[in-house]
1. Check SER59, SER14, SER90 and return the single one that is among the hydroxyl-bearing types (Ser, Thr, Tyr) and surrounded by 14 or more Cβ atoms within 10 Å (Cβ to Cβ).
2. Just one of LEU126, LEU121 is closer than 24 Å to ILE152 by Cα, of a type in the set (A, V, I, L, M, F, W, C), modelled with pLDDT under 85 and within 16 Å of the chain's Cα centre (by Cα); which is it?
3. Being within 26 Å of GLY42 (Cβ to Cβ) and either in a strand (DSSP E or B) or not charged (D, E, K, R) (or both) is the filter here, so list the residues in the stretch 121-134 that pass it.
4. Which condition number does GLU15 fail, the rest of (1) of a type in the set (D, E, K, R); (2) out of contact with any helix residue (DSSP H, G or I) (no Cβ under 6 Å at 6 or more places or on another chain); (3) more than 17 Å from PHE124 (Cα to Cα) being met?
5. With the structure loaded, tell me whether ARG137 is part of a strand (DSSP E or B), closer than 18 Å to SER26 by Cβ and of a type in the set (Lys, Arg) or whether it fails that test.
6. Could you list, ordered by first residue, the pairs with Cβ atoms under 9 Å in which the first is in the stretch 126-152 and in contact (Cβ under 8 Å) with a residue 12 or more places away in the chain and more than 13 Å from LEU48 (Cβ to Cβ) and the second is surrounded by fewer than 19 Cβ atoms within 10 Å (Cβ to Cβ) and basic (Lys, Arg), at least 6 apart or interchain?
7. Just one of (1) modelled with pLDDT under 95; (2) crowded, with 21+ Cβ neighbours inside 10 Å trips up GLU105, so point out which.
Amino acid sequence: MNEVSERYSQIIESEQAMVAWASQFSSLISAPCQIHLMGNLGAGKTTLVRGILAGLAYSGLVQSPTYTLIEPYETKLGTVYHMDLYRLGSGEELEYLGIRDIDGEKAICLIEWPEKGQGYLPPFDLEIHLEVQRHKRLLGMSSVSSKGSQMIQRLNQAGLQSND
């Protein structure tokens, strides 16, 4: 089990604020990086990914990969893989989807519903939890690697806040 060493939390007021926050947060991401996105359906995981990709200079359409499971996006940092494992029956199915073909040394992976791929996903750096609170979102982040801890330390130093 990975040990949590750093934490961060933020209240996000709107969908636009989520995209803006995530776009700013993207400046702290570098490959290789594995980020697990946790939260119920409709919590804003794909919106968060959309903001991260916007911050990495991707200007195309970003949709939830609920049916394709894995969508690659070419960005200024290289390939970002957005994975939605909600429909996975078991983690073993990742083998058939080519999870081992993703170059972990160069990739940034943003993974929704990572618990569905447990045992088949590489070690991760950050876990982001999104929770709906009325019309707002509570974003909580915890690090599970030294890289993740460094990202949260820089995030706290930068004082990154939601833009409402």
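The values are calculated or read from the model by the stated rules, or taken from the named source; none is laboratory data. Here the structure is a predicted model, which is why all the values come from computation and not from measurement. Quick reminder, even Gly has a Cβ in these numbers, built from the backbone with ideal geometry, and neighbours come from all protein chains shown.
1. After ruling out the rest, the residue left standing is SER14.
2. Among LEU126, LEU121, only LEU121 is closer than 24 Å to ILE152 by Cα, of a type in the set (A, V, I, L, M, F, W, C), modelled with pLDDT under 85 and within 16 Å of the chain's Cα centre (by Cα).
3. If the condition is that a residue be within 26 Å of GLY42 (Cβ to Cβ) and either in a strand (DSSP E or B) or not charged (D, E, K, R) (or both), then LEU121, PHE124, LEU126, GLU127, ILE128, HIS129, LEU130, GLU131, VAL132, GLN133 are the ones that fit.
4. All conditions pass for GLU15, except number (2).
5. The answer is yes for ARG137.
6. Pairs that qualify, where the first residue is in contact (Cβ under 8 Å) with a residue 12 or more places away in the chain and more than 13 Å from LEU48 (Cβ to Cβ) and the partner is surrounded by fewer than 19 Cβ atoms within 10 Å (Cβ to Cβ) and basic (Lys, Arg), are SER142/ARG7; SER143/ARG7; ILE152/ARG7.
7. Evaluating GLU105 over (1) modelled with pLDDT under 95; (2) crowded, with 21+ Cβ neighbours inside 10 Å leaves (2) as the failure.
Quick grid of which residues meet (1) β-branched (Val, Ile, Thr); (2) modelled with pLDDT of 95 or more; (3) farther than 25 Å from GLN150 by Cβ:
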| site | (1), (2), (3) |
| --- | --- |
| TYR8 | no, no, no |
| GLN34 | no, no, no |
| GLY39 | no, no, no |
| GLY42 | no, no, yes |
| LEU61 | no, no, yes |
| VAL80 | yes, no, no |
